[in-house]
Amino acid sequence: MATPRIHTIRKMKNIQDHIPKMGYPYRFIGPEDGYTLESIRRGILVEKEESAAGDFPHTIREHFWIRGGEHDGDSWISCGELDNGNYFFYTASCDYTGFDCQGGMNLWVSSSWKNIIDHAMPEGHYKLYLEQTEDKLPPRCDQCGRHETLYKSLSPPNSLMCNLCMRYNHVLKDEQWGIRPDETGGRFSV
Ligand SMILES: [Zn+2]
């Protein structure tokens, strides 16, 4: 029997740096470029109804993991969350001439991340995803929501904020802010 897969959401470090790699395949999604959403959507075995993807890829709220591809080589892979709360898994590959000549794309969307992991990701992709992601990212900044090194603020009490938000607030209300380093390892001095 296969080992059960891990269903907690795991994320790639510095994911923002990898997003540009997806620009190339994403650009071909749409009726003009031959890869309509209808033609690239794939069903999820255990789900009777298709989950909404909206105007994918413009509806992507957050990427969890990206693997860049190349012509006639590795496929492009991405997964993450859409702005309607659904999750997606996407793969694309093309021959040496590019997507405008010979290529293929697949898009799975589900309201359940567990179903994406269990019923969309092939074994090889799942192994790569495990290798290249981690399950313990720093918490989000209370103010802007970014995953950054956070600092504990005294005002409002015990709120966690990133460096930028701390500085911004500090500029706004200098004297009302008390700031000390947090156990997350952050250092902040004013
Ligand atoms: Zn922030």
In region 141-167, what count of residues is obtained for those that are closer than 20 Å to Ile9 by Cα and either more than 8 Å from the ligand (Cβ to nearest atom) or touching a residue at least 24 places away in the same chain (Cβ under 8 Å) (or both)? 3
Here are some residues: Lys13, Lys21. Which one is out of contact with any Lys or Arg (no Cβ under 7 Å at 6 or more places or on another chain) and not in a helix (DSSP H, G or I)? Lys13
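Residue-by-condition table, conditions (1) part of a strand (DSSP E or B); (2) within 24 Å of Gly124 (Cβ to Cβ); (3) outside the structural domain of His125 (by TED's automatic domain parsing); (4) of a type in the set (Phe, Trp, Tyr):
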{"residue": "Ile44", "(1), (2), (3), (4)": "no, yes, no, no"}
{"residue": "Gly54", "(1), (2), (3), (4)": "no, no, no, no"}
{"residue": "Gly85", "(1), (2), (3), (4)": "no, no, no, no"}
{"residue": "Tyr90", "(1), (2), (3), (4)": "yes, yes, no, yes"}
{"residue": "Gly104", "(1), (2), (3), (4)": "yes, yes, no, no"}
Are any of the residues in region 109-128 touching a Leu at 6+ places or on another chain (Cβ under 9 Å), within 16 Å of the ligand (Cβ to nearest atom) and in contact (Cβ under 8 Å) with a residue 12 or more places away in the chain? no
Please count how many residues of region 4-18 are under 25 Å from Ser111 (Cβ atoms) and exposed (fewer than 15 other Cβ atoms within 10 Å of the Cβ). 5
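The values are calculated or read from the model by the stated rules, or taken from the named source; none is laboratory data. The structure presented is a predicted model; accordingly, all values stated were derived computationally and were not measured. Here Cβ is always computed from backbone atoms with ideal geometry, including for glycine, and neighbour counts include all displayed protein chains.
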